[in-house]
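First the structure, in the form of structure tokens, and then the observations on it.
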Amino acid sequence: MKAMRPIALLIIAVVLAGAGWLTVVATNRYGLASPVLPASALVTMGVIAAITLIMGIRVLRWRNGKKKSMLNPILAARTLILAQACAYVGAMLLGWHAGIVVEQLRIWNFRSDQPVLWLALIMGGGGLVMVVVGLVVERFCRIPPEDLEGGGTAGGPRRGDAKGEGEYAYLRD
């Protein structure tokens with residue numbers, strides 16, 4: 001599995017910022033409500049980020065040798081996939097709500113009591129937290145290069161080449 005590239009996350013965020021901005025312009029033109037997630041979505045985003053972080057810490061503890069029992073490779077693979085999904089969804093939410101914030105800031109002088117602006121800022125912040133958690137947990141799942149050369153302590157022989165590029169904890173035997 002390939003590592004996430006932060007530039008791909010940035011491209012996703014920029015594209016969705018443009019889409020969010022165009023959508024808000026269209027909804028304002030026709031007198032419709034701005035398409036912002038409700039405040040309850042922040043709880044869901046927090047739960048997803050917390051679960052991802054907890055699972056990542058389990059993989060990190062095993063990788064650092066603090067756990068004596070063998071790590072379930074399926075759990076490590078699922079943790080990696082969850083971390084990447086968390087980062088991609090966070091980039092999407094961050095970009096979408098950033099586009100909404102840009103449009104709402106344009107009309108800030110006309111209407112200073114805008115709960116949509118504050119809600120979009122909070123949701124964008126939640127998306128940023130999801131991106132950071134996803135990138136950090138993906139980093140937790142990496143096998144250090146020195147472990148791939150046979151000098152590691154926990155886990156025994158490794159699969160794959162000794163380059164260390166793109167190797168994750170679930171690839172251990």
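Points to keep in mind about this one:
- Selection status of GLY134, in contact with a Phe, Trp or Tyr (Cβ under 9 Å, 6 or more places away or on another chain), modelled with pLDDT of 90 or more and either part of a helix (DSSP H, G or I) or within 21 Å of LEU32 (Cβ to Cβ) (or both): yes
- With respect to the conditions (1) modelled with pLDDT of 60 or more; (2) under 23 Å from the mean Cα position of the chain (by Cα), PRO145 falls short on a single one, namely (2).
- Qualifying residues in segment 55-106 (those that are assigned to a helix (DSSP H, G or I) and of a type in the set (Lys, Arg)) - the one nearest to ALA13 (Cα to Cα): ARG106
- Checking MET45, MET55 one by one, the residue that is under 17 Å from ARG139 (Cβ atoms) and modelled with pLDDT of 90 or more is MET55 and no other.
- Unique match (being surrounded by 19 or more Cβ atoms within 10 Å (Cβ to Cβ), within 17 Å of VAL131 (Cα to Cα) and of a type in the set (Val, Ile, Thr)) among ILE57, ILE48, ILE100, ILE11: ILE48
- Among (1) modelled with pLDDT under 95; (2) within 13 Å of the chain's Cα centre (by Cα) - the single one PHE110 does not satisfy: (2)
- Total residues in segment 14-31 satisfying the condition of being surrounded by 15 or more Cβ atoms within 10 Å (Cβ to Cβ) and without any contact (Cβ under 8 Å) to a residue 12 or more places away in the chain: the figure is 1.
Conditions tested, residue by residue: (1) among the aromatic types (Phe, Trp, Tyr); (2) within 19 Å of the chain's Cα centre (by Cα); (3) part of a helix (DSSP H, G or I).
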{"residue": "MET4", "(1), (2), (3)": "no, yes, no"}
{"residue": "VAL14", "(1), (2), (3)": "no, yes, yes"}
{"residue": "ALA17", "(1), (2), (3)": "no, yes, yes"}
{"residue": "THR27", "(1), (2), (3)": "no, no, yes"}
{"residue": "LEU32", "(1), (2), (3)": "no, no, no"}
{"residue": "PRO35", "(1), (2), (3)": "no, no, no"}
{"residue": "PRO38", "(1), (2), (3)": "no, no, no"}
{"residue": "MET45", "(1), (2), (3)": "no, yes, yes"}
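- Residue within segment 160-167 that is in contact with a Gly (Cβ under 8 Å, 6 or more places away or on another chain) and at pLDDT 65 or above present: yes
- GLN104 vs. criteria modelled with pLDDT under 80, of a type outside the set (Phe, Trp, Tyr) and within 30 Å of ASN28 (Cα to Cα): no
- Residue in segment 62-73 that is surrounded by 20 or more Cβ atoms within 10 Å (Cβ to Cβ) and either at pLDDT 95 or above or over 12 Å from the mean Cα position of the chain (by Cα) (or both) present: yes
- When residues of segment 1-25 are limited to those that are farther than 18 Å from ARG106 by Cβ and not hydrophobic (A, V, I, L, M, F, W, C), the one modelled with the lowest pLDDT: LYS2
The values are calculated or read from the model by the stated rules, or taken from the named source; none is laboratory data. Note that this is a predicted model, so its numbers are computed, not measured. Because the Cβ atoms are built from the backbone with ideal geometry, glycine has one as well, and the counts that use them run over all protein chains shown.
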